[in-house]
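A.B. asks: One structure follows; several queries about it will come next.
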Amino acid sequence: MRVLVAGATGVIGRALVPLLTSVGHEVTGLSRSTGRSAFLAGAGARTVVADALDAAALDRAVREAAPDAVVHLLTAIPSRLNPRGMPKQFALTDRLRTEGTRNLIEAAHRAGARRVITQSVAFAYEPDGDGLANEDTPLWRNPPKQFRRSLDALRELERRTGDAGGLVLRFGHLYGPGSAFDTDGQFVSQLRDGKLPLVGGGSATFSFTHAHDAATAVVAALDKNTTGVLNIVDNDPARMSEWAPEVARILGAPAPKRLPAFVARLVVGGWGTAYMTRLRGADNARARLSLDWRPRHTSWRTGLAAELNGRVAAAN
């Protein structure tokens, strides 16, 4: 199968491209410049160059790739985030999820692609409810204002994917090389430096996804006709009060301090506080059934330990 990966050098893309080529797919990576073509060539893929926000250039690139399937992993998320500045920091990513999705799906249709798979998130569910969120759970009805535009962008991405008969994969909190949970990633750096407190007791529930498991889900989805939305997360959702101290222990860092929510609001605003106190975990049962997919890293407890221990040891 000829597969065009948009966002081929991101956290998921770097795991996905070599996996796709290893199982026999003919892979083309979409890039805004030729600067990443060496990685793609080394992984057995070729490169087409276009900005996803330039509809004409993107159309030419997609026609050149002539894909059977298009995988949309485009984001432009800064490596260091300030929750108060989220609208500004996510402006380009929001455009990639709205204008970019429209341009990519339309170009894919004109080029004759039969399959579209897009990336969304599994941590934007309505937080008020019992148990883990499945794909029928509504997205956050009244999120903090800093998150509203980004959530609207995710809704549009998912709507356009559905209208195109495609499949949305909602990934959890990503870890692995290049992620916020890499050795120099934001979460790990903050924990190492004692700068990531447990706000309001750390009551947010995180569902994690290793980049390799995200990639294997995409590969599985290419061989299926499944449409709609699926949660791609591990089997072990955990409150921040569980995972943050454990990651600190792996790093040999002090246990996170506690910070009242009302104090946190003064520092990180409503979205930052909600992110650390209100997120809801996600259930992966539907993906396991629909895609016959299983995460290799069934729990962040062993997955993060293996990832961080190996990479910290290699750096020393």
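Throughout, read-outs are computed from the coordinates displayed, never taken from laboratory work. None of the values given here were measured: they were computed from a predicted structure. Cβ coordinates were reconstructed from backbone atoms using ideal geometry, including for glycine residues, and neighbour counts include every protein chain displayed.
A.B. asks: Cβ-Cβ under 9 Å, sequence separation 6+ or interchain: first residue in the range 179-208 and within 15 Å of residue 252 (Cα to Cα), partner β-branched (Val, Ile, Thr) and assigned to a loop (DSSP other than H, G, I, E, B). Which pairs?
C.D. replies: Partner pairs satisfying both residue conditions: 189/183; 192/183.
A.B. asks: Could I ask something else about it? Given (1) β-branched (Val, Ile, Thr); (2) within 29 Å of residue 6 (Cα to Cα); (3) in a helix (DSSP H, G or I), where does residue 263 come up short, assuming only one miss?
C.D. replies: It fails just one condition, (2).
A.B. asks: May I pose another question? Go through the residues of the range 297-308 one by one and say whether even a single one is closer than 24 Å to residue 129 by Cα, among the hydrophobic types (A, V, I, L, M, F, W, C), in contact with a strand residue (DSSP E or B) (Cβ under 6 Å, 6 or more places away or on another chain) and surrounded by 15 or more Cβ atoms within 10 Å (Cβ to Cβ). Give the steps one after another, and end with the answer.
C.D. replies: Within the range 297-308, the subset closer than 24 Å to residue 129 by Cα is 299-300.
With the extra rule that they be among the hydrophobic types (A, V, I, L, M, F, W, C), the set shrinks to 300.
Retained after the next criterion (residues that are in contact with a strand residue (DSSP E or B) (Cβ under 6 Å, 6 or more places away or on another chain)): 300.
Pick out the ones that are also surrounded by 15 or more Cβ atoms within 10 Å (Cβ to Cβ) and you get 300.
Yes - at least one qualifying residue is present in the range 297-308.
A.B. asks: For the range 171-185, enumerate the residues that are within 29 Å of residue 267 (Cβ to Cβ) and under 15 Å from the mean Cα position of the chain (by Cα).
C.D. replies: 171, 172, 173, 174, 175, 176, 178, 179, 180, 181, 182, 185
A.B. asks: Would you confirm whether or not the range 270-278 contains a residue that is touching a helix residue (DSSP H, G or I) at 6+ places or on another chain (Cβ under 8 Å), farther than 28 Å from residue 85 by Cα and either surrounded by 23 or more Cβ atoms within 10 Å (Cβ to Cβ) or of a type in the set (A, V, I, L, M) (or both)?
C.D. replies: no
A.B. asks: Between a residue in the range 67-91 that is closer than 30 Å to residue 28 by Cβ and touching a residue at least 60 places away in the same chain (Cβ under 8 Å) and any residue that is basic (Lys, Arg) and in a loop (DSSP other than H, G, I, E, B), which pairs come within a Cβ distance under 6 Å, given they are 6 or more apart or on different chains?
C.D. replies: Once the first residue is closer than 30 Å to residue 28 by Cβ and touching a residue at least 60 places away in the same chain (Cβ under 8 Å) and sits in the range 67-91, its partners that are basic (Lys, Arg) and in a loop (DSSP other than H, G, I, E, B) give 68/114.
A.B. asks: Okay, next question. Among the residues in the range 75-98, are any of a type in the set (Gly, Ala, Ser) and touching a Ser or Thr at 6+ places or on another chain (Cβ under 8 Å)?
C.D. replies: Yes, the range 75-98 contains at least one residue that is of a type in the set (Gly, Ala, Ser) and touching a Ser or Thr at 6+ places or on another chain (Cβ under 8 Å).
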